[in-house]
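Notes to accompany the following structure.
Laboratory data are not the source of any read-out in this text; all were calculated from the coordinates shown. Given the structure is predicted, the values throughout are model-derived calculations rather than measurements. Methodologically, a virtual Cβ is constructed for each residue, glycine included, from the backbone with ideal geometry; neighbour enumeration extends over all protein chains shown.
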Amino acid sequence: MLLKLKSLLLIPVIVIASCGSGSKPSQSSTLKPETAVASSSTKTILFFGDSLTAGYGLDDTADAFPNQVQHKIDSAKLPYTVINGGLSGETSAGGKGRIDWLLKQHIDVFVLELGGNDGLRGIPIKETTQNLQAIIDRVKAKYPNAKLVLLGMQVPPNMGTDYVTGFKNIFPQLAKKNKMTLVPFLLQGVGGVRSLNQPDGIHPTAKGAKILANNVWDALKGVL
């Protein structure tokens, strides 16, 4: 891990992981596009992200926040099926190289959750911004009518004021430029709360993931 866990435990940080090297094996519930949708009348929501999306470290990946969003969708009796396109350790550059495969399945709503690992590695703001924009551009080119949602991230203050501010600003700027619905900070209410995170101090517990799902649902339900 690039940052000391003590500092991560004390502040509401994002994050995911290059920490695929934790005590539990990396987990991803990515679905094959051709098997993700129950019927032709069902619309699809692709959650595209890293270990937060994949549900890293959870005993049951069904507890990952996109899967919990599916429960909310089902309860609301809305005709949408969630595709969990999370991959632990993913960066914006990695996502740019992976997105085309997942776009083989028709997408009606695209939820982008990437950038956290870039922030932990101190990747230049410009590079992360360009990679995320490239991903968005590919989705828009393939499915111009798809609705777009962006999940905001933050980095801890020991990354330096300029970097912290620049990184945080990536998400509202991209959301405005691309007319995306924005969740300002995915880990709101969870980051830095020991009881809601796994022992690594980074990844949410199942209870923490429920809060993430609520954060996303507050914005997503207005899109569906």
*Are there trypsin sites (Lys or Arg not before Pro) in segment 77-153 that DSSP marks as loop and that have at most 16 other Cβ atoms within 10 Å, and which are they?*
Lys77, Lys104
_Give me, ordered by chain and number, the residues 5 or more places off Gln154 or on other chains with an amide H under 5 Å from its own placed amide H._
Ile14
*Return the FRET efficiency for the residue pair Asn145, Asp60: r is the Cβ-Cβ distance, R0 is 35 Å, and the value is rounded to the nearest 0.05.*
0.55
*Name the aspartates and glutamates eligible as straight-distance cross-link partners of Lys104: C-alpha to C-alpha under 16 Å, and not fewer than 8 places from it in the same chain.*
Glu34, Asp137
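Among residues other than Lys179 whose Cβ falls under 11 Å from its Cβ, what is the net charge (Lys/Arg +1, Asp/Glu -1)? Each step should come with its number before you reach the end.
Working: positive: Lys140, Lys147, Lys176, Lys177; negative: none.
Here the charged neighbours net out to +4.
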*Extension gain from Ser195 to Thr161, taking 0.36 nm per residue of separation minus the Cα-Cα distance*: 9.5 nm
_Along the charge dipole of segment 19-220, pointing to its positive end and built from +1/-1 on Cβ of Lys, Arg, Asp and Glu, which listed residue (Gly192, Leu52, Asn215) has its Cα farthest out?_
Asn215
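Taking K and R as +1 and D and E as -1, what net charge do the other residues with C-beta under 15 Å from the C-beta of Ala213 add up to?
On the way: positive: Lys72, Lys207, Lys210, Lys221; negative: Asp60, Asp63, Asp74, Glu113, Asp218.
In short, -1.
Quick check on segment 19-220: of the DSSP beta bridges with both residues there, what percent are antiparallel, nearest 5%?
On the way: 1 of 20 bridges.
DSSP beta bridges in segment 19-220 are roughly 5 percent antiparallel.
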_Euclidean distance of C-alpha centroids, segment 143-186 and segment 198-224, integer Å_ = 16
*Near Gly95, within a Cβ-to-Cβ distance under 11 Å, what is the net charge of the other residues, with Lys and Arg +1 and Asp and Glu -1?*
-2
